[in-house]
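Quick one: this structure, given as structure tokens, is what I'll be asking you about.
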Amino acid sequence: MATTEHSLNEIKNHSPNTCEELVTWSESYSTGIEIIDGHHKELFDLTNKLFTACVDGGAQSVFKDAMRNMVDYVNFHFTAEIKLLEQINYPDYLNHKKQHDALIKKIIDTAKSYTDNKTFVPHSFVRTLKDWILAHIAVSDKAYSAYVVNQKKLGLLSDQQISDFLK
């Protein structure tokens, strides 16, 4: 249990005055696709809510609700993003989808473990989730956004088409 206490102290020390934010949106994460950026901002918000539920401690129902919201939203966002990538014939579509599928499985398995009262450290999962989201957006999502920019420059794709794909 020393590791768990150490990890919790590390998280609590993340923000000395408040413990409500683990990740902060910045334009450096922007894909340039307004709807997708809105989704990503919501993922940041949900990650922060999970973080707050961990730091506040005790209230398992709060963490379970936050986890359920995250599972639902990740499914929604990934479905939309994959639909977009498929529609624009993104060359690395299958790899991107595999990355999404792996995270969805991890989130669902973690949520199930937590619900089944198996040994699970929520704050450790939140850290993993944060790292995955930041890395995925910064690398994989930036790669497809560069593809989108290029397709738009070539006149093969428009903002309206992107919007229509995401409906």
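Any idea which residue in segment 131-167 is surrounded by the most Cβ atoms within 10 Å (Cβ to Cβ), counting only those that are of a type outside the set (Gly, Ala, Ser) and assigned to a loop (DSSP other than H, G, I, E, B)?
Looking at the filtered set, the residue picked out is 157.
Here's another thing I want to ask about it. Out of the residues in segment 109-157 that are basic (Lys, Arg) and more than 13 Å from residue 64 (Cα to Cα), which is modelled with the lowest pLDDT?
118
Taking segment 86-110, which residues are of a type in the set (Val, Ile, Thr) and either crowded, with 18+ Cβ neighbours inside 10 Å or without any contact (Cβ under 8 Å) to a residue 12 or more places away in the chain (or both)?
88, 107, 110
If we keep just the residues of segment 82-105 that are of a type in the set (Val, Ile, Thr) and within 21 Å of residue 71 (Cα to Cα), which is farthest from the chain's Cα centre (by Cα)?
82
Given the conditions (1) over 17 Å from residue 40 (Cα atoms); (2) of a type in the set (A, V, I, L, M, F, W, C); (3) in contact (Cβ under 8 Å) with a residue 40 or more places away in the chain; (4) touching a helix residue (DSSP H, G or I) at 6+ places or on another chain (Cβ under 9 Å), which single one is not true for residue 138?
Condition not satisfied by residue 138: (1).
Looking at 152, 130, can you tell me which residue is more than 29 Å from residue 48 (Cα to Cα) and among the basic types (Lys, Arg)?
Answer to the check: 152.
The values are calculated or read from the model by the stated rules, or taken from the named source; none is laboratory data. If you're wondering where the values come from, they're calculated on a predicted model, not measured in any experiment. Heads up, the Cβs are rebuilt from the backbone with ideal geometry, glycines too, and the neighbour counts pull from every protein chain shown.
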